[in-house]
1. Just grab the label-to-label distance for T268 and V218, each label 7 Å out from Cα along the Cβ direction, in nm (one decimal).
2. Once phi is turned into ³J(HN,Hα) by the Karplus curve 6.51 cos²θ - 1.76 cosθ + 1.60 with θ = phi - 60°, what whole-Hz value does each residue of the range 194-207 show in order, with x for glycine and proline?
3. Roll a 1.4 Å probe over the protein heavy atoms and report the accessible area of D132 in Å², nearest 10.
4. For E9 and E71, compute 0.36 nm times the residue count separating them, minus their Cα-Cα distance, and round to one decimal in nm.
5. Measure out, as a whole number of angstrom, how far apart the alpha-carbon centroids of the range 65-101 and the range 26-50 sit.
6. Can you list the residues of the range 214-231 with backbone N under 18 Å from a point 7 Å past the Cα of L255, pointing along Cα to Cβ?
7. Tell me, what ³J(HN,Hα) does each residue in the range 29-37 have, in order and in whole Hz, if you take phi through Karplus 6.51 cos²θ - 1.76 cosθ + 1.60 with θ = phi - 60° and put x for Gly and Pro?
8. Place the peptides 82-94, 34-46, 263-275, 61-73 in order of packing, highest mean first, counting for every residue the other Cβ atoms within 10 Å and averaging per peptide.
Amino acid sequence: MARIGAEQEVENLSGLSPSPEKDIFVVRDNGTTCLMAEFAAKLMVPYDVSASNYVDLITEDADIPLSRGAEVRGNCGATESELQISWLGKVYTLKLHFIKEGHNTSKRQEAVWKMNKIQFVYDSSERTYFKDAVNHPVPMQINGCFAIDFNRNRIQVLCAANLKETTFGPNHINAGKHTANSHHLSALVTPAGKSYECQAQQTISLITSDHQRTVTLVLSEVRIQPFDISADFVFSEEHKCPVDEREQLEETLPLILGLILGLMIVITVCIYHIHHKLTASQVQIPRDRSQYKHMG
């Protein structure tokens, strides 16, 4: 498998986007664009917060949007490309990896590219989005009772009667650095030489390395091309996602049916007028034979 080349020049052009939620990233190699990406993204990350009794833990979701001022790095290769986006002082880092490969069809083998790996690194001790995240509570025995320390700033003392109902299971995740990865991913599959476009919202699940929790990456307004860009800063012909194609068909179908119905009405009216003119020009034969003498 070909290796990704050395890191190349990268530009964050998100300020040019008409949408405040959509970011634009460009990777250039020797002054030529080799990867372009436009999309709106956010990540939904589960984390633990303490309940009102300071003993039980409940799970909430942190909604983490991609920051406009993100730091970007990227690499382009003939068959592999990568885009790495970091924000809030590299507290959050999103890596998107693309490959180009042969794809067997019923007729022949065609080249396609796809996104095959995603990694998200985050720190749940950061308080912008993880406002009340707690560490795994560690019980300390004190005179037959237990003091539960939450993040070293909340102490709850429990004696044996109450402690029987308190459990500290493996699903309690410590606040701190975590990594979530995709598994067996094959997304955005696109014919080589084309860009992928999808306005509809898409979700991709990532699994954390600790205790198998699921982080959800939500993408929308996507336009990406990691290979074979023929013109600088210009996407190649788009390959639309199935959802967009279906929505486009649903929008145009009523118009098509309306045009067909209108055409049928016009044809019916034309046939009626032609028939009326033909019948009006014919000689009318009276049914009463006494009127024959007046004909001629």
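1. That separation, rounded to one decimal, is 4.8 nm.
2. For the range 194-207, the Karplus curve yields 10, 9, 9, 10, 7, 7, 5, 6, 10, 10, 10, 8, 10, 9 Hz.
3. 90
4. Working: separation 62, 0.36 × 62 = 22.32 nm, distance 1.22 nm.
In short, 21.1 nm is gained.
5. 5
6. Answer for this model: none.
7. 10, 6, x, 10, 5, 10, 8, 10, 8
8. Values: 82-94: 18.3, 34-46: 20.6, 263-275: 10.0, 61-73: 15.9.
In descending order of packing, they fall as 34-46, 82-94, 61-73, 263-275.
The values are calculated or read from the model by the stated rules, or taken from the named source; none is laboratory data. Everything numeric here is computed off the predicted structure, so don't read it as measured data. All Cβ positions, glycine included, derive from the backbone under ideal geometry; neighbour counts span all protein chains shown. These area figures cover heavy atoms from the full protein model, side chains too; ligands, DNA and RNA do not enter into them. Shrake-Rupley method; radii C 1.70, N 1.55, O 1.52, S 1.80 Å.
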